[in-house]
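The values are calculated or read from the model by the stated rules, or taken from the named source; none is laboratory data. As the structure is a computational prediction, the values presented were derived from the model and not from experiment. We place every Cβ from the backbone using ideal geometry, glycine too, and count neighbours over all the protein chains shown. These area figures cover heavy atoms from the full protein model, side chains too; ligands, DNA and RNA do not enter into them. Shrake-Rupley method; radii C 1.70, N 1.55, O 1.52, S 1.80 Å.
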Amino acid sequence: MPSPNRQYPARKLPRALAALAALALTAAPVSAQRMALLATFPIPRRDEARDIVDVLRSRNLLLPVEGLTAGQLHDTYNDARSGGRVHDAIDIHAPRGTHVLATTDGTIIKLHHSSLGGITIYQLDDDGRTRYYYAHLDRYADGIAEGVRVTRGQTIGYVGDTGNAAPGDTHLHFAIAILSDASRWWAGRNVNPYDVFHGR
Ligand SMILES: [Zn+2]
């Protein structure tokens with residue numbers, strides 16, 4: 001007659017193996033699917049986005065339009081835009097010619113003219129991964145060029161209505177994104193600037 005010690009694993013092991021196999025079969029595809037989704041999803045997961053906002057809040061970014069305070073901002077980050085797009089930025093209204101200020105120290109990585117953004121600036125933070133986008137500028141400030149270093153508070157351009165802004169609707173379109181590759185200045189995961197400037 002077998003002892004209980006030998007009988008126990010002999011009877012339980014196949015069941016445990018079957019359970020493990022079932023777990024492997026069901027868990028693996030779900031996990032792979034989730035990983036693929038996270039890799040392609042353009043917006044950070046909620047907890048990740050909150051972490052990034054917390055980090056950016058601690059950086060004391062400057063509100064990029066001269067003379068405005070965070071209390072005057074409106075959260076237009078999730079607004080719908082033409083062609084099924086989401087805004088993914090905030091609009092900061094100000095008179096034409098108001099100074100646009102570098103939100104922090106960094107490098108101008110791209111000066112770009114586009115039909116949507118008009119006259120725009122892409123600035124890379126010294127952390128090498130946070131990118132700031134300033135659009136609808138009236139013009140660039142003197143000395144602003146690709147590769148130039150700028151410091152927090154430096155005037156880099158002037159508020160305007162270039163691109164697809166309605167004529168006379170002068171404002172700065174400001175976006176923050178976390179780049180996975182610093183050479184892909186137009187890509188990245190957007191973070192809501194309103195959350196960064198508000199409530200800190
Ligand atoms: Zn905008």
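Taking first residues from segment 53-64 that are assigned to a helix (DSSP H, G or I) and partners that are open to solvent by 20 Å² or more (accessible area, probe 1.4 Å), the Cβ contacts under 6 Å between residues at least 6 apart in sequence or on separate chains come to Val53/Asp195; Arg57/Arg200.
So that you can scan it fast, the table gives a plain yes or no per residue for (1) at pLDDT 90 or above; (2) over 26 Å from Asn164 (Cα atoms):
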site: Val30; (1), (2): no, yes
site: Ile52; (1), (2): no, yes
site: Leu63; (1), (2): yes, no
site: Thr76; (1), (2): yes, no
site: His99; (1), (2): yes, no
site: Thr103; (1), (2): yes, no
site: Ser114; (1), (2): yes, no
site: Asp127; (1), (2): yes, yes
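For segment 56-86, the set of residues classified as charged (D, E, K, R) and within 16 Å of the ligand (Cβ to nearest atom) consists of Asp75, Asp79, Arg81, Arg85, listed by residue number. Closer than 21 Å to Asp195 by Cβ and surrounded by fewer than 17 Cβ atoms within 10 Å (Cβ to Cβ), is that true of Gln72? So Gln72 passes the test.
Pairs linking a residue in segment 79-95 that is among the basic types (Lys, Arg) to a residue that is part of a loop (DSSP other than H, G, I, E, B), with Cβ atoms under 6 Å and 6 or more positions apart or on different chains, are Arg81/His87. From the list Ala89, Ala94, Ala141, the lone residue that is within 16 Å of the ligand (Cβ to nearest atom), farther than 22 Å from Ala187 by Cα and at pLDDT 95 or above is Ala94.
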